[in-house]
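Each value in this text was obtained by applying a stated rule to the coordinates, not by laboratory testing. The structure displayed is predicted, hence computed values, not measured ones. Ideal geometry is used to build each Cβ from the backbone, glycine not excepted, and the neighbour counts take in all protein chains shown.
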Amino acid sequence: MIKVNGWLNIDKPLGISSAKIVAKIKRILGKNNKVGHAGTLDPAASGVLPIAVGEATKLTNYMIDQHKIYSFVIQFGQATDTGDTEGKVIASSDVIPSEQQCAKIVTEFIGNITQIPHKFSALKVNGKRAYDFARNGQDFELAARNITIYDLKLLNFDAKKSQAEYICKCSKGTYIRSLAEDIAKSLQSLGFVVELRRLNVGAFNISQAINAEIFEKNEAEAELLANILAVDLVLDDILGLEIDDIIAKKIRFGQMVNFANISDQDLIYLTHNGNLIAIGAIKSGYFDSMRVFNL
C-alpha cells in the first residue's frame, strides 16, 4: 500500500456515522495510512464530510474552525427529545407559523448570538458525551456559548406539511438542531429537524464531493487516489511563505528561525519547493512551530 497524504471530500449519506466512513476509507487505503474526519456529521445528517489522510490529519483541528453551510427542514407543531427524527415526541403545539413569519424571523438570528447546545450532542460533560447522559435520562445542564450566524434564509415553505426549509452559514460550534428549536420557539411554536444536509465546510463544497457509493466499487482505491486533494488546501485563507533549504532544515530539526522582516502572525504556514513544511505563528520575529509535516 502506498503512503497517502491529503484530503477527501466525501458526501456522507444518511444512516451511517462519520466514524464508519473513516473505517471504510482506512480499509481501502490500507492500515499504514492514518485517516480521520474533520467535523462529525450525525447518522441522521448527510453532506460534506472532510476526510484527512496521512499528514493532513495534523490539520483536522484547524478544519473544525472553518465556517459551515447547512440546509435544514423544520417540522413545526411538535418537539422531540433529540431535536430530530431519531427521538420521540415530547410535546405538541397547535401554533403553526405562516410563510411570511418564517421568512421574517431570520433577522433575529443573524449575527453574534448565544446558543445552548442540544443535550443530545457530542459535547463532553465530566469526561462523557452529553448524549450518553441524555439517553440514560440523567439531568444535566450545558452552558450557553457564543456563535455567529453569518446568513440565514428561508428557501421553501410547505403549508400542507407545516415545514420550512432554511439555508444557514454559521461559525464553528453551531448546533442546527438547537437553532431549529429556537426558531420555532421564537414563532411561538415547537419544531424539530427532519432533514439536515451540510453543503460546505471551508474549501469543501458539496458540488465537488465524492459519492459514498465509491466504497463499494472494485476500483475504489484508484478512484479515491484520483480524488485526493492537497494537504495545504485548507490553509488558503492564511499567509503562506516559501522558504529555502537552510530554513527548512532548521525547522525540521526544531531549531529557532528568525523572520525579522515579517510582522507577528497568529497563524502562518511555510512551504519548501511547493511542499508544506510547517504551520505556526511568528512571535517577536521568530517562528513558533505548531505542527511540522513530513511531505
>> Please compute the modelled spin-label separation between SER98 and THR85, points set 7 Å along Cα→Cβ, answer in nm with one decimal.
In response: 3.0
> What share of the DSSP beta bridges in the stretch 238-292 is antiparallel, in percent to the nearest 5?
Replying inline: 75
> What net charge do the residues around ALA230 carry, taking every other residue with its C-beta under 13 Å from that of ALA230, with Lys and Arg at +1 and Asp and Glu at -1?
Replying inline: -3
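For GLY274, what charge total do you get from the other residues with a beta carbon under 10 Å from its beta carbon, if Lys and Arg give +1 and Asp and Glu give -1?
Once positives and negatives cancel, what remains is -2.
Taking the DSSP beta bridges in the chain as the whole, what percent of them are antiparallel, to the nearest 5? Show your work: numbers first, answer last.
Working: 61 of 70 bridges.
If we restrict to bridges inside the chain, about 85 percent are antiparallel.
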>> Running a GNM on the chain with Cα contacts under 10 Å, which residue among ASP158, ASP84, ASP245 ends up with the highest mean-square fluctuation?
In response: ASP245
> So, with +1 on the Cβ of K and R and -1 on the Cβ of D and E, and no other charges, what is the size of the charge dipole of the chain about its Cα centre, to the nearest 20 debye?
Replying inline: 780
>> If I compute Cα Rg over 2.2 N^0.38 Å from the structure I just sent, which labelled value in (i) 0.98; (ii) 1.15; (iii) 1.04 lines up?
In response: (ii)
>> Can you show me the helix-derived [θ] at 222 nm for the chain, built from DSSP H runs with n ≥ 4 at -39,500 (n - 2.57) apiece and divided by the number of residues, rounded to the nearest 500.
In response: -5000 deg cm²/dmol
> Distance in nm between label sites at ALA23 and ARG145, each 7 Å beyond Cα in the beta-carbon direction?
Replying inline: 2.6
>> Can you compute the charge dipole magnitude of the stretch 66-108 about its Cα centre, using +1 on each Lys and Arg Cβ and -1 on each Asp and Glu Cβ, nothing else charged? Give it in debye, rounded to the nearest 20.
In response: 120
>> Report the Cα centroid-to-centroid distance between the stretch 1-49 and the stretch 200-221 in angstrom, as an integer.
In response: 9
> Using unit Cβ charges (K, R positive; D, E negative) and no other charged atoms, how large, in debye to the nearest 20, is the dipole of the stretch 135-273 about its Cα centre?
Replying inline: 520
> Most fluctuating residue of LEU224, LEU196, LEU49 in a GNM of the chain with Cα springs under 10 Å: which is it?
Replying inline: LEU224
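Quick one: which of 24-35, 257-268 comes out on top by average Cβ neighbours within 10 Å, and what's the full order, highest first?
Put in order of decreasing packing, that is 24-35, 257-268.
From Cα pairs below 8 angstrom and at least 6 apart in sequence, can you work out the relative contact order of the chain, rounded to a whole percent?
Working: 613 pairs, mean separation 62.1, N = 295.
After rounding, I find 21 percent.
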> Cβ under 13 Å from ASP65's Cβ, ASP65 left aside: what net charge do those residues give with Lys, Arg +1 and Asp, Glu -1?
Replying inline: 0
>> Between ASN273 and LYS153, how high is the FRET efficiency from 1/(1 + (r/R0)^6) when r is the Cβ-Cβ distance and R₀ = 41 Å? Nearest 0.05.
In response: 0.40
